[in-house]
Amino acid sequence: MGEISIKINIADRIYPLKVAMEEEEVIRRAAKLINDRIKEYQENYAVRDKQDLLSMCVLHYATATLKAEKKVINEDTEVAEKVYQLDQLLTEFFSE
């Protein structure tokens, strides 16, 4: 599929982008998540500066990303350990 031109509104600023057609929906949803988070911060904190609100959003999503990456690594390690244990059991079974 080809690229398309879209305009994304984040924190009351328009950003023109060229994206793959299959990525458009994900990008629009990401922009909505950011704008929703900004609105939440505006309502719950005495922060009005858009730069500060965007920085808070970046920190929130970067932290969430790092937590998700750590979880995947831990799950991969657990799976690898279980595969190793299963391999050991099968090796013992077939060597008898």
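Compute the long axis of helix 50-95 from its Cα atoms, compare it with the longest principal axis of the Cα atoms of the chain, and write down the angle in degrees, 0 to 90, nearest 10.
In the chain, helix 50-95 runs at an angle near 10 degrees to the longest axis.
Any idea how far apart I10 and E24 come out in nm if each label point goes 7 Å out from Cα toward Cβ?
The two pseudo-label positions are separated by 2.0 nm.
What ranking do K32, K67 get, fewest neighbouring Cβ atoms within 10 angstrom at the top? Write down the numbers at each step before the final one.
On the way: K32 13, K67 10.
The order, fewest Cβ neighbours first, is K67, K32.
Kindly express, to the nearest 10 degrees and within the range 0 to 90, the angle between helix 24-44's C-alpha long axis and the longest C-alpha principal axis of the chain.
Tilt relative to the chain: about 70 degrees.
Please list the non-local residues whose amide H lies under 5 Å from the amide H of I8, H modeled 1.01 Å from N, same-chain partners needing a gap of 5 or more.
For I8, whose amide H was placed from the backbone, the distant partners under 5 Å are Y15, L17.
Using 5 Å bins from zero, what percent of all Cα-Cα pairs in region 3-95 falls into each bin?
P(r) over region 3-95, rounded to whole percents: 2, 11, 14, 13, 12, 11, 9, 6, 6, 5, 5, 3, 2, 1.
At 7 Å along Cα-to-Cβ for each site, give me the label-to-label distance between V83 and L66 in nm.
2.8 nm
Pairs K18/K50; K32/K71; K18/K67; K7/K67; K18/K71; K50/K71: which exceed 28 Å Cα-Cα? All intermediate terms of the calculation are to be shown ahead of the outcome.
Details: K18/K50 24 Å; K32/K71 25 Å; K18/K67 30 Å; K7/K67 30 Å; K18/K71 32 Å; K50/K71 31 Å.
In this structure, K18/K67; K7/K67; K18/K71; K50/K71 exceed 28 Å between Cα atoms.
Here, each number is a calculation from the coordinates, and none is a lab measurement. The model shown is predicted, which means the values in this text are computed figures rather than measured ones. Glycine also receives a Cβ, built like all others from the backbone with ideal geometry; neighbour counts cover every protein chain displayed.
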